[in-house]
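Enquirer: Please find one structure pasted underneath; my questions will follow.
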Amino acid sequence: MSTGLDAGRPAAAHSPNGKVGVVVLNFNSFEDTRRCLTSLGKLLHNATEIICVDNGSSDDSFPKLSAEFPSARFLRNERNLGFGGGVNTGFKEALRTGCDFVFCLNNDAFVDDPDAVAKLLRPFETDPKIGLTGPAEYDSSGANPKFSGPTGRSRFEMKVSGAAFMVSRKVLETVGMLDEGFFLLYEDQDLFVRIEKAGFRVQLVKDARFMHAGSSSTSKHSALMEYLEARNRIIYFARHWGISGFMQGVIMLYAKRLPRLVLTYSEQGRPELLMAYLKGILDGFVALPNARYVGKVPPIRFKGWAGRASRTSR
C-alpha cells in the first residue's frame with residue numbers, strides 16, 4: 001500500500017505563508033529516499049511541493065518511488081550530473097512552478113519535526129537580509145547532534161549543514177545556483193559564501209532539526225571521493241579566501257596530510273587512492289585560471305567517474 005506524502009498531513013497548517021519546494025535527490029538509493037519522502041509527508045506547512053530528482057539511477061528506484069509517492073513531482077536526469085547538477089534540476093523546477101523558497105534535503109536524511117519548514121521560514125519574515133537558513137543536524141537516532149553551529153576554531157567552518165538548507169527565490173535569482181563544476185563536495189560551501197558576499201545572511205535555526213544517516217550509499221574512501229576532495233578544495237579556497245586563506249587552507253593542509261596518506265594507503269595496499277588524490281591536486285591547480293568564475297570550472301577529467309559515482313549526497 002502506498003504511504004504517500006499526504007499521510008499524516010493535517011488539512012490546515014499553522015505556519016508562515018510562502019510556497020516551498022522541497023528538493024530531494026535520488027541516486028540508486030530506494031530505501032534512503034523512501035524514508036526521506038515519507039518523513040516529508042508529515043510536514044505541517046500546507047504550501048509545500050515535494051520535488052524528487054532522479055540523477056540517472058541504474059536500478060529500479062525511480063519507478064518504484066514515483067509509484068509509491070504519487071503526490072510528489074518526479075524528474076529524471078538521464079545521467080548522473082553530480083550533486084550540484086542534480087539539485088539544480090530541482091531548483092529550476094521549483095522556481096518554474098512559483099516556489100518562494102526551496103528546501104534542499106539529502107536523501108539519506110529525514111525530518112521528525114512537523115514544524116521544521118515553518119521554523120526555517122520565520123527568519124526570512126523578520127529580517128530581509130536573511131538569504132539562507134538551516135536546521136541543526138542530528139544522527140539517525142535523533143539523540144546525538146552532528147552539527148549545531150560552527151565551533152569558532154577555524155575561519156573556514158560552515159554556518160549551516162550542507163545536508164539540509166532553505167534558500168529564498170530572491171537569493172537564487174540574485175546569486176545563482178550550485179556550481180555544477182564541483183560535481184560533488186564543496187558546492188554547498190561555495191553557494192553559502194557567495195550568498196554572504198552578495199550581502200545576505202546565512203543563519204542556523206537551532207530549534208529546527210533533521211536527522212542525517214550520512215552517506216550510506218558511498219564509501220568515503222573511494223578513488224572518486226579522494227580525487228574530488230583534493231581538486232575541489234583548491235578551487236573553493238582559491239575562489240573565496242585570497243592568497244593567505246589559500247595558503248592556510250590548501251598548501252599547509254596538503255603538507256600535513258600527504259605524508260599520512262602515503263603511509264596509510266601503502267599499508268592498506270591501495271595505491272589507487274593516493275594516485276586519485278594526487279591527480280585531484282594536479283587538476284585543481286590546472287583549474288585555477290577559472291576557479292574564480294561560477295560555471296567556468298572544467299568538468300572532472302577522469303573518464304567514467306561521473307557515470308560510476310556512487311553518491312550524490314553528503
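The values are calculated or read from the model by the stated rules, or taken from the named source; none is laboratory data. Here the structure is a predicted model, which is why all the values come from computation and not from measurement. Positions of Cβ are generated from backbone atoms using ideal geometry, with glycine treated the same way; all protein chains shown enter the neighbour counts. Side chains are part of the model used for accessible areas, which takes the heavy atoms of the whole protein and leaves out ligands, DNA and RNA. Shrake-Rupley method; radii C 1.70, N 1.55, O 1.52, S 1.80 Å.
Enquirer: So, in Å, what gap is there between the alpha-carbon centers of the range 145-217 and the range 94-118?
Expert: 14 Å
Enquirer: Distance cut-off 30 Å, Cα to Cα: go down the list Lys170/Lys279; Lys206/Lys296; Lys42/Lys206 and report the pairs above it.
Expert: Where the Cα-Cα span goes over 30 Å, the pairs concerned are Lys170/Lys279; Lys206/Lys296.
Enquirer: I need the per residue convex hull volume for the range 47-163, using only the alpha carbons, in cubic angstrom as a whole number.
Expert: Roughly 153 Å³ of hull volume per residue.
Enquirer: Leaving out ligands, DNA and RNA, what percent of the accessible area of the range 47-139 is carbon and sulfur, probe 1.4 Å?
Expert: 49 percent
Enquirer: So how far apart, in nm, are the two label points at Glu196 and Ser266 if each is 7 Å from Cα heading toward Cβ?
Expert: The answer from the label model is 3.9 nm.
Enquirer: Taking R0 as 41 Å, what's the FRET efficiency between Glu157 and Ala67 from their Cβ-Cβ distance, rounded to 0.05?
Expert: After rounding to 0.05, the efficiency reads 0.50.
Enquirer: Would you calculate the separation in nanometres between label points at Asp59 and Ile251, each defined as 7 Å from the Cα along the Cα-to-beta-carbon direction?
Expert: Each label point is offset 7 Å from its Cα along the Cβ direction, giving 4.5 nm.
Enquirer: Considering only protein heavy atoms and a probe of 1.4 Å, how much of the accessible area of the range 167-216 is carbon and sulfur, as a whole percent?
Expert: The value for the range 167-216 is 46 percent carbon and sulfur by accessible area.
Enquirer: Enumerate the amide H contacts of Thr48 below 5 Å, restricted to partners 5 or more residues apart or on another chain; note that Pro and chain-start residues carry no placed amide H.
Expert: For Thr48, whose amide H was placed from the backbone, the distant partners under 5 Å are Val20.
Enquirer: Counting only the heavy atoms of the protein chains, how much of Arg201 is accessible to a 1.4 Å probe, in Å² to the nearest 10?
Expert: Roughly 110 Å² of Arg201 is accessible to a 1.4 Å probe.
Enquirer: Further, regarding this structure: Normalized C-alpha radius of gyration of the chain, against 2.2 N^0.38 Å?
Expert: The reported ratio for this selection is 0.99.
Enquirer: Give the relative contact order (percent, whole number) for the chain; include only Cα pairs under 8 Å separated by 6+ residues.
Expert: Result for the chain is 19 percent.
Enquirer: Give the longest segment of the chain that steers clear of GluC sites (Glu not before Pro) in DSSP loops with at most 16 neighbouring Cβ atoms within 10 Å, not counting the sites themselves.
Expert: 158-314
Enquirer: Additional query: With every protein chain kept in place and ligands, DNA and RNA left out, what is the accessible area per residue of the chain? Probe 1.4 Å, answer in Å².
Expert: For the chain, the per-residue accessible area is 43 Å².
Enquirer: While we're looking at this one, here's another question. Sorted by accessible area with a 1.4 angstrom probe, largest first, how do Arg73, Arg79 fall?
Expert: In descending accessible area the options line up as Arg79, Arg73.
Enquirer: Quick one: ranking Met252, Met166 by accessible area, 1.4 Å probe, largest first, what do you get?
Expert: In descending accessible area the options line up as Met252, Met166.
Enquirer: Follow-up question, since we're still on this one. Taking only DSSP H segments of four or more residues, each worth -39500 (n - 2.57), what value at 222 nm results for the chain once the sum is divided by all its residues, to the nearest 500 deg cm²/dmol?
Expert: My calculation for the chain gives -12000 deg cm²/dmol from helical runs alone.
Enquirer: Something else now. If contacts are Cα pairs under 8 angstrom and at least 6 residues apart, what is the relative contact order of the range 50-130 in percent?
Expert: 27 percent
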